[in-house]
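Remarks on the structure that follows.
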Amino acid sequence: MTRAAIYLDHNAASPLLPEARAALVAGLDLTGNASSVHGHGRALRNLIDTARGQVAALAGAERKQVVFTGSATEAITQAIVGGARAFASEAIVISAGEHAAVSKAAEMTGLPVITIGLLADGSIDLDQLVGRLQHAGGNLLVALHWVNNETGVVQDMARINALVGPTRHTLFIDAVQAFGKLPLDFAASAPDMMAVSGHKIGAPAGIGALLVKAHADVVRLIPGGGQEQGRRGGTEAAALIAAFGAAASAIVDRYTAANVPALIARLEAALPDDAVVFGGERLGNVVNFAVPGVKNATAMMGLDLMGLSVSSGSACSSGKVGPSHVLAAMGVAPELAECALRVSLGWNSTSDDVDAFVAGYRTILERQRARQGQAA
């Protein structure tokens, strides 16, 4: 009997939560347009308003601060491209470890892009940020991530808030990997804008949100009707929004019940002695590691044939295994970086999943070393 495939790539997308599935189906059963004033429209509007409150609660935001978008990438683009325009920014500051959605949006502004380096432990070099802020002639838009999607490194948000918050500069935070795993307090913290995603917490793909403070409410990118209080044109995808809200309400309990950090600790303890784990202070759902000499492309293919789905890093549009810009920015040697694997767990992960990966990777390692021995 064929064993069911085991999914270990939650940082790319987390499986659909039952609560989100139920909300999605219920939303799809409704007819109409949420902008209509009749009963059908009001039912859809109620779905959206309920979900807005659920997402706001998880983000520590006010309901009116939540703008639904088609994805976190759209939210990031709206924040950076729209924000640069709205606040007359002279340059965009990003880190060398940003997701492509951030770096590409920064390039799209046509403004100078200032890149802050990463330290060896994967944290952003905030001393470099201090220098850039002090010597800026005009307004900067600072766009940084909270949790790195490849390594799980948690950035020092308290210091970032303290450095940028009191200044004239604009602060945008990519909170996609932090949302649902760390406490967010958007309303009471320094960022002017923050992006979150649905499919990282067990909602369907195709829904995200941009959180905006009142003074940043002028940041708009998609014109059209008066949807989202005029902040994002286009008929709302009510069923997707409802599923996003349901996932936001359920994910913390589900994630806690799975005891994900303990599963990651179990996995790390079983890695070979010569394994190198990348990153210092990390979120407890992901481990990015390498065993010298075991190429990630080879390992991923072998694991996939065993029914084990893992990643080598960020899930990009190309779908190809390539060098990690994050590990390169951390100073990891290219020959070691090309051996890096990312295992990320989530709400439905189990100890059996971890044990299956450990056994599968051990088999890959034994085969590799046997071939190396024969070649010698």
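Among the residues of region 142-155, are any among the charged types (D, E, K, R) and out of contact with any Leu (no Cβ under 7 Å at 6 or more places or on another chain)? Yes, region 142-155 has at least one match. Here Leu141 clears all of (1) more than 16 Å from the chain's Cα centre (by Cα); (2) open to solvent by less than 10 Å² (accessible area, probe 1.4 Å); (3) under 29 Å from Glu268 (Cβ atoms); (4) in contact (Cβ under 8 Å) with a residue 60 or more places away in the chain except the condition numbered (3). Just one of the listed residues (Leu303, Leu267, Leu271) is assigned to a loop (DSSP other than H, G, I, E, B) and in contact with a Phe, Trp or Tyr (Cβ under 8 Å, 6 or more places away or on another chain), namely Leu271. Of all the residues in region 195-216, those that are under 21 Å from Val142 (Cβ atoms) and open to solvent by 50 Å² or more (accessible area, probe 1.4 Å) number 2.
Regarding region 333-340, can at least one residue be identified that is assigned to a loop (DSSP other than H, G, I, E, B) and without any contact (Cβ under 8 Å) to a residue 40 or more places away in the chain? For region 333-340, residues assigned to a loop (DSSP other than H, G, I, E, B) and without any contact (Cβ under 8 Å) to a residue 40 or more places away in the chain: present.
Scanning region 250-282 for residues that are within 30 Å of Asp49 (Cα to Cα) and buried (at least 20 other Cβ atoms within 10 Å of the Cβ) yields a count of 4.
For first residues located in region 108-134 and surrounded by fewer than 16 Cβ atoms within 10 Å (Cβ to Cβ), partners that are of a type in the set (Asp, Glu) and lie 6+ apart or on another chain with Cβ distances below 6 Å form the pairs Gly117/Asp125. Considering region 345-368, and only residues there that are among the aliphatic types (A, V, I, L, M) and part of a helix (DSSP H, G or I), the residue that is nearest to Lys200 (Cα to Cα) turns out to be Val354. Pairs are defined by a Cβ separation below 7 Å, a sequence spacing of at least 6 or placement on different chains, a first member in region 273-285 that is among the acidic types (Asp, Glu), and a second member that is not in a strand (DSSP E or B); the pairs so defined are Asp274/Val291; Asp274/Pro292.
Being of a type outside the set (Gly, Ala, Ser), assigned to a strand (DSSP E or B) and out of contact with any Lys or Arg (no Cβ under 7 Å at 6 or more places or on another chain) is the filter here, so list the residues in region 69-94 that pass it. Ile92, Ile94, listed by residue number. Take the conditions among the charged types (D, E, K, R), assigned to a helix (DSSP H, G or I), open to solvent by 10 Å² or more (accessible area, probe 1.4 Å) and under 16 Å from Ile173 (Cα atoms) and apply them to Lys64. Does it pass? No, not satisfied.
Among the residues making up region 163-186, a single one is open to solvent by 20 Å² or more (accessible area, probe 1.4 Å) and part of a strand (DSSP E or B): Leu182.
The values are calculated or read from the model by the stated rules, or taken from the named source; none is laboratory data. Keep in mind the model is a prediction, meaning the values are calculated, not measured. Using ideal geometry, Cβ is built from the backbone for each residue, glycine included, and neighbour counts are taken over all protein chains shown. Side chains are part of the model used for accessible areas, which takes the heavy atoms of the whole protein and leaves out ligands, DNA and RNA. Shrake-Rupley method; radii C 1.70, N 1.55, O 1.52, S 1.80 Å.
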